[in-house]
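Here's the structure we're looking at; comments come further down.
The values are calculated or read from the model by the stated rules, or taken from the named source; none is laboratory data. Only a predicted model underlies this, so the values are computations on that prediction, with no experimental measurement involved. FYI the Cβ positions are ideal-geometry reconstructions off the backbone, even for glycines, and counts take in every protein chain you see.
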Amino acid sequence: MSFTRQQISLISIASVAAFMGTFLISSVNIALPHIEQEFHLTAIELGWTITSFLLATAILLLPIGRWADINGVYKTYKAGIVIFTLASLACGIVQDGFWFIIFRFMQGIGAAFTNATGTAILVSAFPQQYRGRVLGISIAGVYLGLATGPFIGGLITQYVGWRVLFYLAAVIGIIIAILAFRILKDTLSKSTTIKETFSYTESLIYMAGLIMLVFGSSKLPHPIGWLMMAGGLITLFVFWQVENRSTYPLFDTRLFTHNRLFAYSNLAALINYSATYSIVFILSLYLQKIKGLSPRDAGAILITQPLIMAIFSPISGRFSDKIQPNIIASAGMLMCSSGLLVLSFLTPSFPIWAILLTLVWLGTGFALFSSPNMNTIMSSVEKNQYGIASATASTMRVVGQIASMTFITVFFALIIGNKPIDMASPSQFLSITKYCFILFATICLIGVYFSYYRGKLHIDDSSY
């Protein structure tokens, strides 16, 4: 099949936008020590420079996905690009740590708009037998951003300052916005909209529950943290019951209760991101604080994993068009679990070459998991559910990322308290690293069950 100009344009916009988001995230990770010093942040406050972005994205993905199904995915996508671009510029200008966290939250709002609709746009434009390869190309953009972020971010942070990272993101955002407004015409999305109502009440209940969970997790192990998390779980349970009785639900609970492919694939994604998201965060600090590397050198090492992911994601996506995705994805999760276990043995003398090999192993495993898993999620729903399916998959990713950062925050709070990371001794930091990676390896191993036993996807191989 030869793709049309419209289809190629859609792939290009989605891939570049995906690159922009992850490039900024990964480059900011490498700049964390410099941001910590400039704003005089504590360890927990530094964690919130990441968590605030993830929180905004998490609480809005489902409402925005539903909104897009009703009102059109293209206009929602374009709005997200504008918000993300303006917030990126503000992050580069701000002079106060509190406002920096606030504008990171605004970036997360923009990311919610684009993440909730990007996959839906691609899936609606291509027949099922080509979804794996198309999603693989888009996901490769994600990983290319992750790959180049640490290295380029390290260079920029070391030689011209971390603020330039956000100026660069704003410039890329402006370019994408121009292309999107020229190519993504609102008239093209009318066929994907549905005539239903949007419930603001249900959205507020969902958002309140998720906010309490995240804020509660940041207060652990203090009792108020457990109380807030309990309140969040109760609120989300109420939300689930309301959705069961709603005529036009914000989230169709039957997707989880009557669609095993969809449910297990999303649970596998949640578990996988919970176990793998914080790898760069921990290793960035380890390489600079324990190994004494510069941001540039640390970034050159951390580029390994996402670069492997960028190379192999389109390949694994294409395989998932012909081979059952649960087999490919489960093998990838097993590789991730074993790689995480290796990282639990980090010491001051742990060889760099061993870290590089482990990152290659982890990158291959994650590439085998990600594209086939997303292919399964999007192929297990009807066309009028693409927006909410894309948003749900993104929600699983972001909630998993929040959970991953929460685990780290809890270990830091238990071992060094609410102090700057610089005040942690090498032995304390290595203890945190060990406990985190053992926990992540265990979580990832549990996820193999959901990945493998999700069931089989109907594969249309008529074009092969």
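Observations on the model:
- Residue in the range 266-273 that is in contact with a Pro (Cβ under 6 Å, 6 or more places away or on another chain), touching a residue at least 60 places away in the same chain (Cβ under 8 Å) and surrounded by fewer than 22 Cβ atoms within 10 Å (Cβ to Cβ) present: no
- Residues in the range 91-125 that are touching a helix residue (DSSP H, G or I) at 6+ places or on another chain (Cβ under 6 Å) and either among the acidic types (Asp, Glu) or without any contact (Cβ under 8 Å) to a residue 24 or more places away in the chain (or both): VAL94, PHE103.
- Within the range 366-396, the residues that satisfy the criterion of being surrounded by fewer than 24 Cβ atoms within 10 Å (Cβ to Cβ) and under 23 Å from MET207 (Cα atoms) are GLN385, TYR386.
- The test for being within 16 Å of the chain's Cα centre (by Cα) and either at pLDDT 90 or above or closer than 25 Å to PHE105 by Cβ (or both) does not hold for ILE408.
- Cβ-Cβ under 6 Å pairs, at least 6 apart or on other chains, the range 227-252 side under 20 Å from ALA391 (Cβ atoms), far side assigned to a loop (DSSP other than H, G, I, E, B): GLU243/PRO249; GLU243/PHE251; GLU243/THR253; ASN244/THR253; TYR248/GLU196; TYR248/THR197; LEU250/SER199
- Restricting SER88, SER26, SER12 to residues that are surrounded by fewer than 24 Cβ atoms within 10 Å (Cβ to Cβ), in contact with a Leu (Cβ under 8 Å, 6 or more places away or on another chain) and not acidic (Asp, Glu) narrows the list to SER12.
- Checking GLN37 against (1) surrounded by 23 or more Cβ atoms within 10 Å (Cβ to Cβ); (2) free of Cβ contacts under 8 Å to residues at least 60 places away in the same chain, the condition it does not meet: (1)
- Any hit, the range 118-136, residues being within 17 Å of ILE25 (Cβ to Cβ) and either at pLDDT 75 or above or under 15 Å from the mean Cα position of the chain (by Cα) (or both): yes
- Residues located in the range 230-266, provided they are closer than 24 Å to VAL448 by Cβ and of a type in the set (Ser, Thr, Tyr): THR257, TYR264, SER265
- Test: residue in the range 76-83 that is touching a residue at least 40 places away in the same chain (Cβ under 8 Å), over 24 Å from PHE215 (Cβ atoms) and of a type outside the set (Val, Ile, Thr): yes
- Flag if PHE98 is in the same structural domain as ILE178 (by TED's automatic domain parsing), within 13 Å of LEU24 (Cβ to Cβ), surrounded by fewer than 24 Cβ atoms within 10 Å (Cβ to Cβ) and of a type outside the set (S, T, N, Q): no
- Unique residue being within 17 Å of the chain's Cα centre (by Cα), in the same structural domain as PHE53 (by TED's automatic domain parsing) and under 28 Å from GLU202 (Cβ atoms) when the list is ALA269, ALA310, ALA263: ALA269
- Hey, PHE215 closer than 20 Å to SER199 by Cα and either surrounded by 20 or more Cβ atoms within 10 Å (Cβ to Cβ) or free of Cβ contacts under 8 Å to residues at least 60 places away in the same chain (or both) or not: no
- Selection status of LEU283, in the same structural domain as GLY145 (by TED's automatic domain parsing), surrounded by 17 or more Cβ atoms within 10 Å (Cβ to Cβ) and either of a type in the set (Asp, Glu) or in contact (Cβ under 8 Å) with a residue 40 or more places away in the chain (or both): yes
- Candidate set: the range 141-169, residues that are over 20 Å from the mean Cα position of the chain (by Cα) and surrounded by 21 or more Cβ atoms within 10 Å (Cβ to Cβ); chosen: the one farthest from ILE308 (Cα to Cα): TRP162
- Any helices (runs of 4 or more DSSP H) falling wholly within the range 243-323 and containing at least 2 residues that are under 23 Å from ILE64 (Cα atoms): 254-257, 260-276
- Selected residue (criterion: nearest to SER425 (Cα to Cα)) from residues of the range 343-358 that are touching a residue at least 60 places away in the same chain (Cβ under 8 Å) and part of a helix (DSSP H, G or I): LEU343
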